[in-house]
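Chemist: Structure incoming, see below.
The values are calculated or read from the model by the stated rules, or taken from the named source; none is laboratory data. Remember, it's a predicted structure, so these values are computed and weren't measured experimentally. Counting neighbours? That spans all protein chains shown, and the Cβs are built from the backbone with ideal geometry, glycine included.
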Amino acid sequence: MENINKITNTELIDTKEREELRGQIVMSYLTKIKNPFVTLSVLDVSKDLHIGINQAYDLFKQNDFPAINIGKRKVITLASYLLWKMNKKGGV
């Protein structure tokens with residue numbers, strides 16, 4: 001029983017190991033994607049997150065959301081979107 005408590009302890013993984021593990025997870029995601037630089041539109045993000053188009057536009061205006069403007073279009077690369085989403089969910 002004592003071993004189970006050690007495994008479930010949140011202090012088991014230190015910060016450096018956590019960052020290395022996060023890097024490995026990110027690399028495994030990126031290797032599975034055919035083209036990580038495909039861009040997603042506001043509509044694509046709204047469909048994925050199941051939110052309205054106006055909420056998606058508000059999301060694209062947030063400072064922590066890695067969107068870019070191409071002319072008047074607001075887009076985000078697939079890789080950036082997945083990383084942002086992973087960080088918002090808590091990730092590793």
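Chemist: From the list LEU21, LEU43, which one is loosely packed, with under 13 Cβ neighbours inside 10 Å and modelled with pLDDT of 75 or more?
Modeler: LEU43
Chemist: So, in the stretch 53-92, of the ones that are of a type in the set (A, V, I, L, M) and assigned to a strand (DSSP E or B), which residue ends up nearest to LYS32 (Cα to Cα)? Let's see the steps before the verdict.
Modeler: Start the filter on the stretch 53-92 by keeping residues that are of a type in the set (A, V, I, L, M), which leaves 53, 56, 59, 67-68, 70, 75-76, 78-79, 82-83, 86, 92.
Applying the additional criterion that residues be assigned to a strand (DSSP E or B) yields 68, 70, 75-76.
Values: ILE68: 24, ILE70: 26, VAL75: 21, ILE76: 18 Å.
Only one residue tops the list, namely ILE76.
Chemist: Also, quick follow-up: For the stretch 53-92, enumerate the residues that are in contact with a helix residue (DSSP H, G or I) (Cβ under 9 Å, 6 or more places away or on another chain), under 27 Å from MET27 (Cβ atoms) and of a type in the set (Phe, Trp, Tyr).
Modeler: If the condition is that a residue be in contact with a helix residue (DSSP H, G or I) (Cβ under 9 Å, 6 or more places away or on another chain), under 27 Å from MET27 (Cβ atoms) and of a type in the set (Phe, Trp, Tyr), then PHE60, PHE65, TYR81 are the ones that fit.
Chemist: Same structure, new question: Please find, within the stretch 46-76, the residue that is farthest from LYS89 (Cα to Cα) out of those that are surrounded by 15 or more Cβ atoms within 10 Å (Cβ to Cβ) and touching a Ser or Thr at 6+ places or on another chain (Cβ under 6 Å).
Modeler: Across the stretch 46-76, the extreme among qualifying residues is VAL75.
Chemist: Going through the stretch 43-52 one residue at a time, which ones are in a loop (DSSP other than H, G, I, E, B) and more than 26 Å from ILE25 (Cβ to Cβ)?
Modeler: Residue satisfying the conditions is GLY52 alone.
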